[in-house]
Amino acid sequence: MSAPEALRIALLASEVTPLSKTGGLADVAGALAKVLTGEGHDVRVFTPAYASVDRAAARAVPVPGLAPLTVRVGSHRYPCALLKGVLPGGAPVYLIDCPELYGRASLYTADADEHRRFLAFTRAALEAVRALRFSPQVVHCNDWHTAFAPLFLRTGYAAYPCLRDARTLLTIHNIGYQGVFAAADLPDLDLAPGEVKLLHQDDLAAGHINPLRQGILYATAINTVSPTHALEICTPAYGMGLDDSLRARRADLTGILNGVDYEEWDPRHDRVIPEHFDPDHLGVKADLKRQFLARLGLAGRDGRPLAGIVSRLAAQKGIELIAGALPAILTARDLTFVALGAGEPQYEAMFRALQRDFPDRVHFERGYDDALAHWIEAASDMFLMPSRYEPCGLNQMYSLRYGTAPVVRRTGGLADSVVHFDPGSGTGTGVVFNDFDVPALTWAVNTALDWYAQPALWERLTRNAMAQDFSWTHQGGEYVALYRRLASRA
Ligand code: ADP
Ligand code: GLC
C-alpha cells in the first residue's frame, strides 16, 4: 500500500506557543503544527510578529528574495515584512511583521482599529501564501481573528490560482469573542458592491459586522474543540447569539477534543519542576508540594490538601463561584488554595479579598507566569475549573497527567475529559458537578476533600487520572481525517 498523500495546510492563528500566548489557542496551534509536521504533512503556520515575540528564539529572518507586502484594508495601507522561523518540531512559521499593527503592549487590545489589525493579518497571510507559491488544500482559520478568510477566498482572493481550490476550516476555540465591529467600517472589507449581500444582513441592519458569524456562514467546515461543546453551541444557552447560524450549518459542524503536548506537560520530564514523578513515585509529588508551599511562604501546610487554579480571569471561568464557595469551605475545613491568573479587575479583586481574609492559607499571584503554572499543576492535589462554559479546556487535562484531581463543571470539554469518580467501583478521574452555582461547587470541593481524607481512595483516583491519554497523536488524526474530507470535496 502506498503512503497516504501528505497534506498542504495553511494554519492561521493569532497566537502560537512558544511565540505568543494568552490562552489555549496558542497551545493548540503549536501542538497541532508539531504533530502534523511530525507525520510528514506540509503545514505552514501564519501568525502576527507581536512586539513580545522572541525572534531570535524563533530563528525568524526575512524570507530571502521576497519583496515586502503592502496589505490593503479599506483606505489603509500597511507595509508588512514576512519573516520565516521554525517552531519546535520543525513546522515553518511565517510572521507578519508590521510594527504599526502588532507592536503594541499586548496581543489583543481594545483599540479602535482592533478589527483592522486582524483583517490585515488575515489578508497578509493570504498574500504571503501567494508570494510563497504555496497552494494549501486547506486554509485552517482559528477564532474570529481569521474568520474572514473564507469570505475573502470567495471574493477578492478567488482569482489567485494558488488559493482557488483551497477549502476552509474554521475552528471555534472561544465563541465568547466574536470580534464585532461597526457597520460603518464596512469599507475595511474591500468587498465589491455586489458582494455586500454576502454579509449577514440582520447584523448589518443592526449596525454591526460579526467576523465569527461570517466565518460560520462561509467556511467549508466548522469545528469546535470538544464534541459536547459542538452540541452546546447550537443552543441559545451557549450559542452567544450565533446558534441560529450554527444550527443552519449543523451538517458541517463537528467537535474535536484538543490534545495535550506531553513533551511540555508531563511530570515525568517537566522542564520547570526540579524533581520528576510518575504513578509509582507519588512521594515526589508530595515533596514538590512541600517545596512549593515553602516558597509561597505557607510552610507547614504540606500535610493538608492543596487546591490550585491557573486561569484567564474572565466571566467564562466561574471565578465568582470560587469567591462565593471558598470562604465557607476554608472556615470549615483545612484547605490551602493557590491561584494564578490575570484579567478582569473584578475577578482579581475577588482573589485578593480571599487572600486578605485567609492570609495563611490562600496565595494569589496576579499575572501570567508559565513556570508557576507548571508548579501549580505539579504541587496541587486538586485543580478547580468551575467554568460557565468551556469549549475544551487544557488545564484539566494537564491536571490529570500530574495526578491533580480536576474539580470541574459538566460542560464542554470538561464533560468530555473528566469522569466523576465512583468510590464504590474505584473508577473515574475527578469530581464533576452540574449546576453553575455556589452550592454545587461547594459540594464538589467538599466531596474532593472527603475523598482526599481517605488515602487509599485518593491514590486510586490519582492513578486513574494519571493513566489518561489525551495526546495529539490521537487527536491530530481527527484533524487529518477532516482535512482529507475537505480536500477531496468538490
Ligand atoms: P483558555 O484558552 O480559555 O484560556 P485553556 O484551559 O484552554 O483555557 O488554556 C489556558 C492555557 O493558558 C493553559 O495552558 C494555562 O496554563 C495557560 N494560562 C492561563 N492563564 C495563565 C497564567 N496566568 N499564567 C500562566 N499560564 C496561564
Ligand atoms: C479557548 C477555550 C478553551 C480551549 C482553548 C483552545 O479559548 O476557552 O476551552 O481549550 O480555546 O482550544
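The values are calculated or read from the model by the stated rules, or taken from the named source; none is laboratory data. No experiment lies behind these values; they were computed from the predicted model shown. Here Cβ is always computed from backbone atoms with ideal geometry, including for glycine, and neighbour counts include all displayed protein chains. What goes into the accessible areas is simple: the full protein's heavy atoms, side chains included, and nothing from ligands, DNA or RNA. Shrake-Rupley method; radii C 1.70, N 1.55, O 1.52, S 1.80 Å.
Residues of the stretch 220-248 that are open to solvent by 40 Å² or more (accessible area, probe 1.4 Å) and farther than 22 Å from GLY24 by Cα: THR235, PRO236, ALA237, GLY241, ASP244, ARG247, ALA248.
Looking only at the stretch 151-183, residues that are surrounded by 24 or more Cβ atoms within 10 Å (Cβ to Cβ), more than 14 Å from ligand 2 (Cβ to nearest atom) and under 21 Å from the mean Cα position of the chain (by Cα) come to 1 in all. Of all residues in the stretch 417-426, exactly one satisfies the criterion of being surrounded by fewer than 24 Cβ atoms within 10 Å (Cβ to Cβ) and either within 15 Å of ligand 2 (Cβ to nearest atom) or among the β-branched types (Val, Ile, Thr) (or both), namely VAL419.
Taken as a whole, the structure leaves THR37 outside the set of residues that are of a type in the set (S, T, N, Q) and in a strand (DSSP E or B). Applying the criterion of being surrounded by 22 or more Cβ atoms within 10 Å (Cβ to Cβ) and either assigned to a loop (DSSP other than H, G, I, E, B) or among the small types (Gly, Ala, Ser) (or both) to the residues of the stretch 1-19, the residue that is farthest from ligand 1 (Cβ to nearest atom) is ALA10. The helices (runs of 4 or more DSSP H) found wholly in the stretch 144-236 and carrying at least 1 residues that are over 17 Å from ARG249 (Cα atoms) occupy 149-154, 161-164, 201-205. Per the conditions (1) more than 16 Å from ligand 2 (Cβ to nearest atom); (2) within 24 Å of the chain's Cα centre (by Cα); (3) farther than 16 Å from GLY476 by Cα; (4) surrounded by fewer than 18 Cβ atoms within 10 Å (Cβ to Cβ), the sole criterion not satisfied by GLU39 is (3). When only residues in the stretch 241-268 that are within 12 Å of ligand 2 (Cβ to nearest atom) and closer than 24 Å to GLY215 by Cα count, which is nearest to the chain's Cα centre (by Cα)? Once the filter is applied, the top-ranked residue is ASN258. Of the residues examined, LEU217 is one that is open to solvent by 40 Å² or more (accessible area, probe 1.4 Å) and in contact (Cβ under 8 Å) with a residue 40 or more places away in the chain.
Of note, GLY23 satisfies the criterion of being within 16 Å of ligand 2 (Cβ to nearest atom) and within 21 Å of the chain's Cα centre (by Cα).
Filtering THR331, THR336 for residues that are outside the structural domain of TYR108 (by TED's automatic domain parsing), over 22 Å from the mean Cα position of the chain (by Cα), open to solvent by 60 Å² or more (accessible area, probe 1.4 Å) and β-branched (Val, Ile, Thr) leaves a single hit, THR331. Of all residues in the stretch 339-349, at least one satisfies being open to solvent by less than 10 Å² (accessible area, probe 1.4 Å), more than 8 Å from ligand 1 (Cβ to nearest atom), modelled with pLDDT of 95 or more and within 30 Å of LEU282 (Cβ to Cβ). Kindly check whether there is at least one residue in the stretch 302-316 that is farther than 28 Å from ALA467 by Cα and not in a helix (DSSP H, G or I). Yes: one or more hits.
Residue count for the stretch 293-313 under the criterion of being without any contact (Cβ under 8 Å) to a residue 60 or more places away in the chain and within 11 Å of ligand 1 (Cβ to nearest atom): the result is 1. Of all residues in the stretch 108-120, those that are in a loop (DSSP other than H, G, I, E, B) and within 27 Å of ASP42 (Cα to Cα) total 0.
Check whether at least one residue in the stretch 73-89 is of a type in the set (Lys, Arg), within 16 Å of ligand 2 (Cβ to nearest atom) and at pLDDT 95 or above, and report yes or no. No, that holds for no residue.
Need a quick list: strands (runs of 3 or more DSSP E) entirely within the stretch 352-435 having at least 2 residues that are without any contact (Cβ under 8 Å) to a residue 60 or more places away in the chain and under 19 Å from ARG301 (Cα atoms).
Per the criteria, 362-366.
Just one of THR473, THR447 is surrounded by fewer than 16 Cβ atoms within 10 Å (Cβ to Cβ) and not in a loop (DSSP other than H, G, I, E, B); which is it?
THR473
Residues of the stretch 70-79 being farther than 13 Å from THR122 by Cα and touching a residue at least 12 places away in the same chain (Cβ under 8 Å), which ones? Of everything in the stretch 70-79, those that are farther than 13 Å from THR122 by Cα and touching a residue at least 12 places away in the same chain (Cβ under 8 Å) turn out to be GLY74, SER75, HIS76, PRO79.
Would you be able to tell me the number of residues in the stretch 69-103 that are part of a loop (DSSP other than H, G, I, E, B) and open to solvent by 60 Å² or more (accessible area, probe 1.4 Å)? Residues meeting the conditions: 2. Checked against (1) within 26 Å of the chain's Cα centre (by Cα); (2) modelled with pLDDT of 95 or more, LYS285 passes all but condition (1).
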